[in-house]
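Notes follow once the structure below has been shown.
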Amino acid sequence: MLETSVADPSGEPDRVIPGARPGPAERLRLGQGRWRQIANVGLMVAGLALGQGAIFAVQTGLLAAGEYELLAVFATHYSFAILGIILVDAGANITLARAVVHLSPGGLPNAKMWQAFADTSTIRMLTALIVGAAATLYAVEISDDPLGRWYVFLALPGLLLWSVNGVGLLDGLRLSGVSGMTGSIAYVVNALGLLMASHRSHEAAGAIMGGAFSLGYLLTLCAQWAALTWKGWHPEFHMPSRAGLARAFKDGMALSFQIVPGQINMRVQLVLSAAYLGAETTAVFVYAKQIVTAATQVLQFVLRVEFPGLVERLASGGRQGLFGIMGAQKMTLACAVLFSVGTTLLAGVVAIWSDGALHRTAIVMVGFAPTILTVALLQMTWQCLAAAGAYAASAWALTIGAAVGVVASYGLLPLLHVFAFAAAEVILNFVTLYVGYRFLERTRVTSPGSPERT
């Protein structure tokens, strides 16, 4: 999943005065800031390992037990439920974080900040109602699967609850690590729901997994607001304002068009796999894809660290070639190569020394391991566009790439079977990289030193 990477919640890198030597107090402040960043990254990685690790462990056990149908059904429904969560939030994790920095001096709450939260949450609630209405219509009028119906009905409260989440507030207060740890609660509860749904009827399995989705996000919200209350942020109710609603809607639309296109491709591949390749292949595909996703999420943490240097390089004047841009993110590139090669070798060894479901999964993983590197190249280009302020360009690049990826997935499926999705991922990433880089070059040529604004 692509995320906006920022140097701090305001979206601006730390500024220093050229030639000035920081005093002892300034050095102490910078040192504390670095340790806070390290702690936040460590907590985010721990949250990822705990949350995603729980789902991965349960999936591993079910895969070994041959529960292919349950895994395929869970992957499809859970994936679309997560897409609903992304749509409902609509980039509020970024806009609210920026609002905290600009409207809350010293990290203290005030009426302006709570007004911004009320406006943003109203738009999120309206989005949740629209998404919920569409999901209900599908469950009642289109789907004939009782598992899907029960899942949708019991998962919808989770979407509505998420409209008042505090992720952006925590990030703005430089507590992104706490945000990451609280977010792992929902994953753990969903993993337990998947485990409990094994060997149940379709109706019971759907109810258990859908209920676990809503319960997980309820507990996550409780943990977030407990942390905010501990920091002195006691929620206050404010009536939404017309200007605030318009601003929240505009910002949400702009950020959604940067996030959603890349999310759609995976869902299309899931539907194609379930329709044409069967439950067993879909379960193996999802398992392999989850390993790739975990690796790329770790790379996103590294991208955040390299963001300030990238902004400085782009702001230094002159045109930056592709190699210069990659050079500003060499730590990410090195990690991507290491993860991709390491995953390929490990999967190859497992494929040689195993049989059955584990052997088939390892073979598929060998085909998907190179996508770790291509996804990293895509993320690096996307972050470069963000550093230049070319938000519209990044949205267009991702939209074009996603459209090409969907067509490639469908077109290559008869020829390459499940490996069509890996090939389509590579094509998507390189198309997005090319389009994004061309946009970036055009921006720098037409208005050097003056990044695009949207």
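The values are calculated or read from the model by the stated rules, or taken from the named source; none is laboratory data. On a predicted model such as this, the values are computed, not experimentally measured, just so you know. Every residue, glycine as well, gets a Cβ built from its backbone with ideal geometry; the counts of neighbours run over all protein chains shown. Each accessible area value is taken on the protein alone, full model and side chains, heavy atoms only, with ligands, DNA and RNA left out. Shrake-Rupley method; radii C 1.70, N 1.55, O 1.52, S 1.80 Å.
Candidates are the residues of segment 121-161 that are open to solvent by less than 20 Å² (accessible area, probe 1.4 Å) and among the hydroxyl-bearing types (Ser, Thr, Tyr); the one that is farthest from residue 239 (Cα to Cα) is 143. Only residues that are open to solvent by less than 20 Å² (accessible area, probe 1.4 Å) and either under 18 Å from the mean Cα position of the chain (by Cα) or among the charged types (D, E, K, R) (or both): list them for segment 184-220, please. Those that are open to solvent by less than 20 Å² (accessible area, probe 1.4 Å) and either under 18 Å from the mean Cα position of the chain (by Cα) or among the charged types (D, E, K, R) (or both): 184, 186, 190, 213, 216, 217, 220. Residue 371 passes every criterion in (1) free of Cβ contacts under 8 Å to residues at least 60 places away in the same chain; (2) farther than 21 Å from residue 278 by Cβ apart from (1).
Residues that are among the aliphatic types (A, V, I, L, M) and under 21 Å from residue 359 (Cα atoms) within segment 271-294 comprise 274, 277, 279, 283, 284, 286, 288, 291, 292, 294, listed in sequence order.
One line per residue, one yes/no per condition, for (1) not in a helix (DSSP H, G or I); (2) not small (Gly, Ala, Ser):
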| residue | (1), (2) |
| --- | --- |
| 203 | no, yes |
| 206 | no, no |
| 216 | no, no |
| 224 | no, yes |
| 237 | yes, yes |
| 246 | no, no |
| 249 | no, yes |
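Here segment 64-106 is the region considered, the condition is being out of contact with any Phe, Trp or Tyr (no Cβ under 9 Å at 6 or more places or on another chain) and on the phi > 0 side of the Ramachandran plot, and the residue that is surrounded by the fewest Cβ atoms within 10 Å (Cβ to Cβ) is 106. Restricting segment 245-282 to residues that are under 13 Å from the mean Cα position of the chain (by Cα) and among the hydrophobic types (A, V, I, L, M, F, W, C) leaves a set whose member that is farthest from residue 420 (Cα to Cα) is 255. Remark: pairs (first residue in segment 159-181, more than 19 Å from residue 103 (Cα to Cα) and part of a loop (DSSP other than H, G, I, E, B); second residue open to solvent by 20 Å² or more (accessible area, probe 1.4 Å) and not polar (S, T, N, Q); Cβ separation under 8 Å; 6+ apart in sequence or on different chains) are absent.
Here residue 214 fits the description: of a type in the set (S, T, N, Q) and more than 30 Å from residue 383 (Cα to Cα).
Residue-wise test of (1) open to solvent by less than 60 Å² (accessible area, probe 1.4 Å); (2) more than 23 Å from the chain's Cα centre (by Cα); (3) within 17 Å of residue 289 (Cα to Cα); (4) charged (D, E, K, R).
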{"site": "347", "(1), (2), (3), (4)": "yes, yes, yes, no"}
{"site": "354", "(1), (2), (3), (4)": "yes, yes, no, no"}
{"site": "362", "(1), (2), (3), (4)": "yes, yes, yes, no"}
{"site": "369", "(1), (2), (3), (4)": "yes, no, yes, no"}
{"site": "374", "(1), (2), (3), (4)": "yes, no, yes, no"}
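Reported count of residues in segment 71-94, each being in contact with a Lys or Arg (Cβ under 9 Å, 6 or more places away or on another chain) and β-branched (Val, Ile, Thr), is 2. Taking the criterion of being at pLDDT 90 or above, hydroxyl-bearing (Ser, Thr, Tyr) and more than 16 Å from residue 367 (Cα to Cα), the only residue of segment 396-431 that qualifies is 410. I'd like to check something: does segment 432-454 contain any residue that is touching a helix residue (DSSP H, G or I) at 6+ places or on another chain (Cβ under 7 Å), open to solvent by less than 60 Å² (accessible area, probe 1.4 Å) and at pLDDT 90 or above? No, because not a single residue in segment 432-454 is touching a helix residue (DSSP H, G or I) at 6+ places or on another chain (Cβ under 7 Å), open to solvent by less than 60 Å² (accessible area, probe 1.4 Å) and at pLDDT 90 or above.
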